[in-house]
Amino acid sequence: MRALVIVDVQNDFCPGGALATEHGSMVAEQISELVHAPSQDYRAIVATQDWHIDPGDHFSDNPDFVDSWPVHCVVGTGGAEFHPAIDAERLDETFRKGEYSAAYSGFEGHAASDVDTGLARWLRERGITDLDVVGIATDHCVKATVIDALREGFGVRVFAELCSPVTAETGETALEEMTTAGAVIVR
Ligand SMILES: [Zn+2]
């Protein structure tokens, strides 16, 4: 059984946001089409959210854009909310990560409705064996989530056109790394 995992499609990662990726809004619209497609038969649809309160040196006034970043996705701000194209009513659960430290992978998060339940357990409890992963950013949180999913034993497909990278070049490198790790890239 297969689930759709929508990674960090939040306003701060879309054009106009604090840490915008060029294709963020376009990807959000296309993910919405996938979610609402009559033919989709996902056992579950979940999303992750970068969800910062005080994540320490994840934030910096002089970010290196590798380990430190401008302030983004602060709980209670519009930047932390899903892009408007993402229909929260269609999500079976949201997994939040990064309250007090950097967290790139959705598997570091916990269910919004139950802080004791992580993504891997939640999926296994529903008999889910395979994942389709989409979202932002290809070269950071999508990659980290995909690598962890493979490590947890899930089969993983990545829809490359439904992922938004920080740069095209680093996005392609990330997709190559995901392939090497065992993911199937769908273009
Ligand atoms: Zn963050």
- Pairs returned, first residue in the range 19-31 that is touching a residue at least 40 places away in the same chain (Cβ under 8 Å), second residue that is part of a helix (DSSP H, G or I) and among the aromatic types (Phe, Trp, Tyr), beta-carbon separation under 9 angstrom, 6 or more apart or interchain, are Leu19/Phe13; Thr21/Phe13; Gly24/Phe13
- Query: Which one of these is without any contact (Cβ under 8 Å) to a residue 60 or more places away in the chain and open to solvent by less than 60 Å² (accessible area, probe 1.4 Å): Pro165, Pro70?
  - Reply: Pro70
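Would you check which residues across the range 100-116 are more than 16 Å from the ligand (Cβ to nearest atom) and open to solvent by 10 Å² or more (accessible area, probe 1.4 Å) and list them? Spell out how you get there, then give the answer.
Step one: of the range 100-116, the residues more than 16 Å from the ligand (Cβ to nearest atom) are 111-116.
The answer is Ala112, Ser113, Asp114, Val115, Asp116.
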- Task: Within the range 1-36, track down each residue that is more than 16 Å from the ligand (Cβ to nearest atom), out of contact with any Gly (no Cβ under 6 Å at 6 or more places or on another chain) and either of a type in the set (D, E, K, R) or in a strand (DSSP E or B) (or both).
- Result: Arg2, Ala3, Leu4, Val5, Glu22, Glu29, Glu33
- Restricting to the range 43-67, what's the tally of residues that are open to solvent by 40 Å² or more (accessible area, probe 1.4 Å), touching a residue at least 60 places away in the same chain (Cβ under 8 Å) and not basic (Lys, Arg)? 1
- Message: I'd like to know if the range 144-153 contains one or more residues that are in contact (Cβ under 8 Å) with a residue 40 or more places away in the chain, part of a strand (DSSP E or B) and in contact with a Gly (Cβ under 8 Å, 6 or more places away or on another chain).
- Response: no
- The listed residue being within 22 Å of Glu29 (Cβ to Cβ) and touching a helix residue (DSSP H, G or I) at 6+ places or on another chain (Cβ under 7 Å), out of Gly182, Gly118, Gly106: Gly106
- Task: Select from the range 53-98 the residues that are closer than 17 Å to Ser113 by Cα, within 16 Å of the ligand (Cβ to nearest atom) and assigned to a strand (DSSP E or B) and list them in ascending order.
- Result: Phe82, Thr94, Phe95, Arg96, Lys97
- Item | Qualifying residue in the range 113-136 (condition: assigned to a helix (DSSP H, G or I), β-branched (Val, Ile, Thr) and at pLDDT 95 or above) | no
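The values are calculated or read from the model by the stated rules, or taken from the named source; none is laboratory data. Because the structure is predicted, anything quoted here is derived from the model rather than measured. Glycine also receives a Cβ, built like all others from the backbone with ideal geometry; neighbour counts cover every protein chain displayed. Side chains are part of the model used for accessible areas, which takes the heavy atoms of the whole protein and leaves out ligands, DNA and RNA. Shrake-Rupley method; radii C 1.70, N 1.55, O 1.52, S 1.80 Å.
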